[in-house]
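**Q** Sharing a structure with you now.
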Amino acid sequence: MMHSRNLLLALLPPLFWGVGFTLTKPASAHFQPLFMMLLVYAVIALIMLVAHREMPKTPWLKLTVIAAFSVTIQGALMFSALAYVEATTANLVLQTQVPIAILLGWLLLGEALDGRKILGTAIALTGVAIVIGLPQERPPLLPVLAVIAAGATWALGQVLTRLWSRDSGLMVLKANALFGVPQLLVATLVLERVQWQSIVSATPLD
């Protein structure tokens, strides 16, 4: 049984994610997706450098791979797709990342795959199938597939974190930010345009 404090802590991340995800929809209409991710993770990296002076213990090459899956590739897929689907639909479809993480944990880490996990995975995948297939106005398939791919990429990043990381807690977040920012910077410079113009023309709401 989980203590009430731990249960509350477990519920807070989905709450914050849902709020942030909803705010991302209008922001992604103004900023290019990779550039928006760069701004977000640059702020996180700056705060973590000031507030948390320790540096990650995990080898830098492994951190680079983890950040690529957890931050850069996942963000590129997710926020590019968000321009074509509703935030609620994308948020629901993205929940495929949980059963995918369970399956990857079983395949790569040898974690137990018991009846409860199998049932939960089946329920989650059934819900996603309903979201994709039953509404009168079905969401476009390619963006939905991109959201699922983003969830799978994120899940792989989390499994690799458990497999390779010598850090935990806030240090994992700091490592993802520090190693994700250079990747996002290169990606936005190569693949996107008008980044500075989007800063200059941004409203306070943006």
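**Q** For segment 149-171, enumerate the residues that are open to solvent by 50 Å² or more (accessible area, probe 1.4 Å) and either charged (D, E, K, R) or part of a helix (DSSP H, G or I) (or both).
**A** Across segment 149-171, the qualifying residues are Trp154, Gln158, Arg162, Leu163, Trp164, Arg166, Leu170.
**Q** Quick one: in segment 176-204, which of the residues that are touching a residue at least 24 places away in the same chain (Cβ under 8 Å) and within 10 Å of Leu38 (Cα to Cα) is surrounded by the most Cβ atoms within 10 Å (Cβ to Cβ)?
**A** Across segment 176-204, the extreme among qualifying residues is Gly180.
**Q** Additional query: Given the condition buried (at least 19 other Cβ atoms within 10 Å of the Cβ) and under 30 Å from Lys57 (Cα atoms), answer yes or no: does some residue in segment 136-147 qualify?
**A** Looking through segment 136-147, none of the residues is buried (at least 19 other Cβ atoms within 10 Å of the Cβ) and under 30 Å from Lys57 (Cα atoms).
**Q** If you don't mind, there's one more thing I want to ask. Give segment 72-114 a look and list any residue that's in a helix (DSSP H, G or I) and open to solvent by 50 Å² or more (accessible area, probe 1.4 Å), or say none.
**A** Taking segment 72-114 first, the residues in a helix (DSSP H, G or I) are 72-81, 87-109.
Once the filter is applied, which keeps residues that are in a helix (DSSP H, G or I) and open to solvent by 50 Å² or more (accessible area, probe 1.4 Å), segment 72-114 yields Ile73, Leu77, Ser80, Thr88, Leu92, Gln95, Val98, Leu103, Trp106, Leu107, Leu108, Leu109.
**Q** What residue, of Leu63, Leu49, is over 13 Å from the mean Cα position of the chain (by Cα) and open to solvent by less than 20 Å² (accessible area, probe 1.4 Å)?
**A** On the way: Leu49 fails: open to solvent by less than 20 Å² (accessible area, probe 1.4 Å).
The match here is Leu63.
**Q** So is Ile130 open to solvent by 30 Å² or more (accessible area, probe 1.4 Å), closer than 21 Å to Thr161 by Cβ and either part of a helix (DSSP H, G or I) or at pLDDT below 90 (or both) or not? Break it down stepwise before answering.
**A** Numbers: open to solvent by 30 Å² or more (accessible area, probe 1.4 Å): yes; closer than 21 Å to Thr161 by Cβ: no; either part of a helix (DSSP H, G or I) or at pLDDT below 90 (or both): yes.
No.
**Q** Here's something else I'd like to know. Name the pairs: first residue in segment 15-28 and touching a residue at least 12 places away in the same chain (Cβ under 8 Å) and in a helix (DSSP H, G or I), second residue crowded, with 17+ Cβ neighbours inside 10 Å and of a type in the set (Gly, Ala, Ser), Cβ to Cβ under 8 Å, at least 6 apart or on different chains?
**A** That search, which allows pairs on different chains as well, returns Phe21/Ala90.
**Q** Among the residues of segment 169-189, write down those that are farther than 18 Å from Gln74 by Cβ and either in contact with an Asp or Glu (Cβ under 8 Å, 6 or more places away or on another chain) or aliphatic (A, V, I, L, M) (or both). Step through it out loud before you land on a result.
**A** Of all residues in segment 169-189, those farther than 18 Å from Gln74 by Cβ come to 169-171, 189.
Correct list: Leu170, Met171, Leu189.
The values are calculated or read from the model by the stated rules, or taken from the named source; none is laboratory data. Fair warning: this is a prediction, and the values are worked out from it, not measured in the lab. As a convention, Cβ positions derive from the backbone with ideal geometry for all residues, glycine included, and neighbour counts pool all protein chains shown. Just so you know, the surface numbers come from the protein's heavy atoms only, side chains and all, with ligands and any DNA or RNA stripped out. Shrake-Rupley method; radii C 1.70, N 1.55, O 1.52, S 1.80 Å.
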